[in-house]
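Asks: First, the structure itself, so that you have it in front of you.
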């Protein structure tokens, strides 16, 4: 049968059309958006908060057993992840102070006798788990104490100066430690196995990695893979870098947020830097990355002053801000008690918990975080949407919503009373003030007077 030329032409055109439309129906994989974060966060981290524990200073005894007594209180306050500062024996050679730095590790597989023994530590981990919380420990992978046995057994695992001698980390006053060399495959294997040891032996749930950015990213990527084969772990990096999210860490520090909050309070630099931070957080940080928000941690407390010094009369507002901004809020040991001094780092200096000044504040704030999906972490929470107001130089206002849950917080970053009108055309509805429980109806415009350093967190009904 002879096919007419017109039919042949028509068939060719149809095939070409189908080819084009087919490719439209099945997009080229090169142009499909891909999630940058390749790791899977533990389910329990989605709406989690984190609490840093300084065992040495937490109680007069300074032991695991003594700290255990505080666990029910911390659970009631709304804490989910208990982060323990380094638990390992501390080096004696070139030691600073009477007790030395937690970050000068003498034995990566041992327990600091100052705190207790392995049995005590395992008991603490079990008690944390019984209360539905999780525990991570501080890991110091960049360096060791001078008298760590590895220095004699494997001197090739350390960096050397031009004279061929061990050296502290360059550029810092860290002369009580010596640097590891991650170019050595055998050392990488040792350190990975040491990380796995505590997950297997004590059933911990992950790590906070000290100066994580000083250690090669590929080491962390492999370590995370091997750890996850044991159990889903949670990894916090003491760093602020996007590349660490891809295959290694669930969360990094948000040093920049701390700095911008300080700039906007005691430094009187206005809110421009803070608004810019929020824009960058939305535009450049992977959607499924966690960032840790804080007004204090052990470094800030010991070396940069107290929260009151850093944030002045704006302290409580800054604390509230960290509870509702994109990120996981951190509370440091004693912060809930209004700790008003810098703790000694190398010597004994117990915290006074007799007056829990901010316990109720955090309890209310974290209860909201647990039940309101708008405040959950990473992609599980709602994106921050800026709300325009007529006092942009003083008031920061935004909106977050997820699966029907929504919050509308606004903050007065000035020492003056401010009457502000917000453009809430797209955020209308009935709300409840988180702390006062006042019922609020928000129309297309919402006007409110805020006290100096005042704030409001409205929760949509």
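Asks: When you look at residue 300, is it assigned to a helix (DSSP H, G or I), touching a residue at least 24 places away in the same chain (Cβ under 8 Å) and either in contact with a strand residue (DSSP E or B) (Cβ under 9 Å, 6 or more places away or on another chain) or not assigned by TED's automatic domain parsing to the domain that holds residue 325 (or both), yes or no?
Replies: yes
Asks: Within region 260-288, restricting attention to residues that are buried (at least 16 other Cβ atoms within 10 Å of the Cβ) and without any contact (Cβ under 8 Å) to a residue 60 or more places away in the chain, which residue is farthest from residue 412 (Cα to Cα)?
Replies: 285
Asks: Now a separate question. Based on this model, can you work out whether residue 109 counts as closer than 24 Å to residue 50 by Cβ and surrounded by fewer than 20 Cβ atoms within 10 Å (Cβ to Cβ)?
Replies: The answer is no for residue 109.
Asks: Now a separate question. Which one is surrounded by the fewest Cβ atoms within 10 Å (Cβ to Cβ) among residues in region 199-224 that are more than 21 Å from the chain's Cα centre (by Cα) and within 21 Å of residue 106 (Cβ to Cβ)?
Replies: 201
Asks: On to the next question. List, please: which pairs have Cβ atoms under 6 Å, are six or more places apart or on different chains, and start with a residue in region 443-461 that is farther than 20 Å from residue 365 by Cα and in the same structural domain as residue 375 (by TED's automatic domain parsing) and end with one that is modelled with pLDDT of 95 or more and assigned to a strand (DSSP E or B)?
Replies: If the second residue must be modelled with pLDDT of 95 or more and assigned to a strand (DSSP E or B), no pairs are left.
Asks: Collect the residues in region 172-200 that are modelled with pLDDT under 95 and under 16 Å from residue 210 (Cβ atoms), keeping them in residue-number order.
Replies: 172, 173, 174, listed by residue number.
The values are calculated or read from the model by the stated rules, or taken from the named source; none is laboratory data. Here the structure is a predicted model, which is why all the values come from computation and not from measurement. Note: ideal-geometry Cβ built from the backbone for every residue, glycine included; neighbour counts use all protein chains shown.
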